[in-house]
Each structure stands twice: as C-alpha cells, then as structure tokens.
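Single-structure report; data block below.
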Amino acid sequence: MSMMYVAPEQQMKDRADFARKGIARGRSVVVIRYQEGICLVAENRSQSLHKVSEIYDRIGFAAVGRYNEFENLRIAGIRHADLRGYSYDRQDVSGRGLANAYAQLLGTIFSAGGEKPYEVELVVAEVGLSTDSDEIYRLTYDGSVVDEDRFAVIGGQTEAISAVLAADFTEGASLTEAVQLAVKGLRAAPGGADEIAVGALEVAVLDRSRAQARKFRRIGADELRQLLDTA
Amino acid sequence: MVSDAGLPPQFLRAGSSSFTEFLASVRPELLPKDRDADLSHLAPHGTTIVAATFDGGVVMAGDRRATMGNLIAQRDIQKVYPSDEYSLVGIAGAAGIAVEMVRLFRVELEHYEKVEGAPLSLDGKANRLAGMIRQNLPMAMQGLAVVPLFAGWDTAAQHGRIISYDATGGRYEESSFHSVGSGSVFARGALKKLYRPGMTAEQAAMAVVQALYDAADDDSATGGPDLTRKIFPIVMIAGPDGVDQFDEAEIAAMMDDVIAGRMNRPDGPEAGLR
C-alpha cells in the first residue's frame, strides 16, 4: 500500500466531518439557565444510561455522541473534581477548571495523528451563588470551548433548537418555564417527534436553592409530568 | 496514545468506583496514614459518641470535648458527621486521624454514588469504613486508634441500623443502641435504663443526651453541657427523609429540661425496679 500525502487542512476537515457525523446521529441535549439555577434536559429513552449527570457540588455534566467515550470522560471528570476537592478543599473545584481539562484532552486527541477523534459534545455547567455567576461551557469534539450566556444546545440539530430557545428565552424564568421551553426546543428538531413522552426525557437541575452542598438533583417522572402539565 | 494534557491517562483508565483505590494509585501520599514517630502524647483524642434506633430512624449524639492527656484540647469539636444523605458517622479516638478518615469516607461514598449512579447499600458503606479502620492498624498500635460508630437508615430494609467497630476494623451490628469512646461505659449503662423500643425521634434524642450527661458525670474526658459558652452536644438523626441535625435552639431547650430534672435528682431519670 502506498502512502499518500494528505494536506493538514484536509486531514483536520476529514476528522471534523467524521466526528460531526457521529454526533449528529444522536438526539440533542439542552442546558438552560433559570432563576434558581441551571436545568439540563435530554431526550433519552434509557432510564439507566444517563446523558446528564452530577460531577461535583455545583457542577453538572451533559453529553451527546458515543456513549462509551462520554461515559469515560464523565468518570474522568468526577475523578478530577473529587481528587482536587479532597487534596485542597471543596470550594476549590470549579467548572472552569474542569472545562479546561476536558478541552485539553479533546483537543489533543483531535489533533493527534494516530487515533480517531472523540465523537462527543459536552456541556459543563456550574451553578453560582446568584444568576450572574452561573456558568455554562459547551465543548466540541476538537476541544474548543464556548462560554454560553443563556443556554447551550449540543447534538445533531442544534440550529433549529437554538432558534426556538433564543426566541423565547427570558431572564428569571421559573423551572416550569425553563423545562417547557427546553422541551419545546427539542420538539423543534427536524425529524423530531411532535410529542416527547415523559419517559423519553431525562431532566436534572443544579438548584442553588437546595440546602445541601450538592446542588444536583434529578427530576423524577412524576415531578416532570407536573412541570409539563401546567402549560 | 492518549496524551496526558488536561486529564492524565490514569483518569481515563477503567477501574473500580472506589475513590480510595483511585487515590492510592495516583496520589498515595494523600491517604490518611502514618508518617513515622509515636505521636500518641501529641494528638488530641475525641471521647464519647452515643447512638440509638427509634421508630423511623436512628439518632446519634456526641459530646464536644477533645482531650490531650489531662488537658482539654478543644471544647467545641464536632465528632458526629453526616457521611452521606442517609448515614452518620461519629468518631472516638485520635481526633486528627479520625476527622481525616471521615473526610475520605465521605468522598468515598459520594464518588461511588456519582460514578455508579446509585448509592452503596448500608452494608457496603459499613464495610468500606471497616477497611479504612483496618488500614489504620499500624497507627492504632502506636496509640492512635480510631474507633468510629456508624449509623444510618437502611433504605432497602426500611429501618435504622447501628454498626460498631474495633480498632482492627472488626465490624459488629448493634441491635438497638451503642456507645463508643472513653465515657461509653457510663453512657451505655444509662442508655440501657432509658432505652425502650418504639420511641419517637424526640424521645430517642432525649435518651442519648441524658446518656451523654451521665458519661460526662463520671468520665473526665467527656464534656458536659457548657452553659456559659452555650456549647451543647451535636445530635443528628438519619431517617427515610435523610439526615437531619437538631438545631442549637432545640438542643438548648432539651438541655434545659435535662438540667431542670437533675436539679431535683442529680443522677438523672429514675428507672423502675421491675
């Protein structure tokens, strides 16, 4: 077999196309701010294979793409946070630090010649003491980080969903409004269902009003039904 | 090859859900264990912890004193901690090592819960704690033993449970109440007379507070209520709704009751002869 010269630009483009294709196959995830924190909403039929999860006291994680890859990243993130919090202090664990670590890793894998890039997109969200200090970082397969102001959409059909969210987003929305808007956004995805059953949604919040140090809380089917019913 | 930029390769390696094992492989120096010399005369010791089950949970209380030989090292040390949402751990023995052990234990439980997406069973938690005590055995032999008392709400069995340990990590299930630490003999004697099955949370809390008073009465290393400084025992419960702590005002009111009662009868409530 003869080796062919491939220009670096072409190589990067091929790798990006490859990663994008993998990501586009999956359903999207919406991470959106509301008055009391940050809400993470995923279209996910599995009850046990999570797309959104807890990393640390104030930090949540959402991902789309290849399950084994983002699961690996999720566990690495928990290890990163727990190790830092144990060796220093719980308040020294930040979402920005974790987003940086993920960015480094994804960027290195993307540009390293030997292996295939990760087919994942991630969100690292950190709830602050007030709405001003909430942080949402969106990370793409090539390690670039976007600091999102109001919401983040990851997955295949982000444009359509983002358009819906951008049109209807209001500052200081209640959890009910945020969840309903997120679901409305997910429904707007091309080829998406008109109705998404409660069982096909995975919803969690980083709730700053929670008394416990751990602000991450999953929203069960009953509570979710109530949130969606008040429309 | 995965580069070590950002997240080191060990972070991505498949492994168990145990934070302690992960820590031992990447940063073993952070594990709470011995350095070298005999420090027993330097380290403050925590004293008495009491726990009792009741209908709908388990209550645990600890006095606030740490001693160093005949000195009082600290008057307001916290020796009862929530280890996670449904369990409590109280510490007696070398305070520094014990507090550090509790810190690691809490991360251990939380780490497992986050990685696995489900909490450990109460037995699983109790066994992990036993393992940590066992690792401290070399220190225990130098006079720095840590003897925790573990209690929690068993979400599967739906009742409160108490588990005690010895310095070698031996694990023992206690049926209704237990006490550890220097004043434990007196506290357990008092609880034996005060405890009865089917108590409410408030009654159980009163029983353990009375038992601590009796421990402080006869053991110089156990601190009694400090009325001038308003330092009272820490009392926590674990039940189906999770861990809850009696706030200071509640404990102060309870303490007033105890002291008022003891003005008439200094030895505390009277148990029937038959």
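Worth pointing out:
- Count of residues meeting criterion [buried (at least 22 other Cβ atoms within 10 Å of the Cβ), more than 10 Å from residue A:56 (Cα to Cα) and of a type outside the set (A, V, I, L, M)] in the stretch A:89-119: 3
- Odd one out for residue A:132, checked against (1) surrounded by fewer than 16 Cβ atoms within 10 Å (Cβ to Cβ); (2) more than 14 Å from chain B (Cβ to nearest Cβ); (3) not in a helix (DSSP H, G or I): (3)
- Pair list, Cβ < 7 Å and 6+ apart or interchain, from the stretch B:190-211 residues that are within 13 Å of residue B:57 (Cβ to Cβ) to residues that are part of a loop (DSSP other than H, G, I, E, B) and modelled with pLDDT of 95 or more: B:205/B:246
- Unique match (being open to solvent by less than 50 Å² (accessible area, probe 1.4 Å), more than 15 Å from the chain's Cα centre (by Cα) and either more than 14 Å from chain A (Cβ to nearest Cβ) or modelled with pLDDT under 95 (or both)) among B:92, B:151, B:118, B:98: B:118
- If the condition is being in contact with a helix residue (DSSP H, G or I) (Cβ under 7 Å, 6 or more places away or on another chain), facing another protein chain (nearest Cβ under 10 Å), closer than 23 Å to residue A:24 by Cβ and outside any loop (DSSP other than H, G, I, E, B), then the stretch A:73-121 contributes A:73, A:102.
- Taken over the stretch A:144-191, the criterion of being touching a residue at least 60 places away in the same chain (Cβ under 8 Å), under 19 Å from residue A:229 (Cα atoms) and either touching a Lys or Arg at 6+ places or on another chain (Cβ under 7 Å) or among the acidic types (Asp, Glu) (or both) is satisfied by A:177 alone.
- All of A:139, A:186 fail the test of being within 17 Å of residue B:6 (Cα to Cα), within 18 Å of the chain's Cα centre (by Cα) and open to solvent by less than 20 Å² (accessible area, probe 1.4 Å), apart from A:139.
- Screening the stretch A:58-88 for residues that are in contact (Cβ under 8 Å) with a residue 40 or more places away in the chain and open to solvent by 20 Å² or more (accessible area, probe 1.4 Å) and picking the one that is farthest from residue A:181 (Cα to Cα) gives A:66.
- Apart from one condition, residue B:84 fits all of (1) open to solvent by 60 Å² or more (accessible area, probe 1.4 Å); (2) touching a residue at least 12 places away in the same chain (Cβ under 8 Å); the exception is (1).
- The single condition from (1) crowded, with 19+ Cβ neighbours inside 10 Å; (2) of a type outside the set (Asp, Glu); (3) not in a loop (DSSP other than H, G, I, E, B) that residue B:192 fails is (1).
- The condition (being at pLDDT below 90, under 30 Å from residue B:181 (Cβ atoms) and either open to solvent by less than 10 Å² (accessible area, probe 1.4 Å) or among the hydroxyl-bearing types (Ser, Thr, Tyr) (or both)) is satisfied by just one residue among B:40, B:25, B:16: B:40.
- Taking the stretch A:197-219 as the range and being in contact (Cβ under 8 Å) with a residue 12 or more places away in the chain, in a loop (DSSP other than H, G, I, E, B) and either charged (D, E, K, R) or touching a helix residue (DSSP H, G or I) at 6+ places or on another chain (Cβ under 6 Å) (or both) as the test, the residues that pass are A:208, A:214, A:215.
- Output for the stretch B:167-184, where each listed residue is surrounded by 15 or more Cβ atoms within 10 Å (Cβ to Cβ) and outside any strand (DSSP E or B): B:167, B:169, B:176, B:181, B:182, B:183, B:184
- Residue in the stretch A:54-67 that is modelled with pLDDT under 95 and within 11 Å of chain B (Cβ to nearest Cβ) present: no
- Filter result for residue A:126 (at the interface with chain B (Cβ under 9 Å from one of its Cβ atoms) and not polar (S, T, N, Q)): no
- Qualifying residue in the stretch A:13-30 (condition: open to solvent by less than 30 Å² (accessible area, probe 1.4 Å) and assigned to a strand (DSSP E or B)): yes
- Test: residue in the stretch A:146-153 that is open to solvent by 20 Å² or more (accessible area, probe 1.4 Å) and farther than 27 Å from residue A:185 by Cβ: no
The values are calculated or read from the model by the stated rules, or taken from the named source; none is laboratory data. Keep in mind the model is a prediction, meaning the values are calculated, not measured. Ideal geometry is used to build each Cβ from the backbone, glycine not excepted, and the neighbour counts take in all protein chains shown. Surface areas here come from the heavy atoms of the whole protein model, side chains and all, with no ligands, DNA or RNA. Shrake-Rupley method; radii C 1.70, N 1.55, O 1.52, S 1.80 Å.
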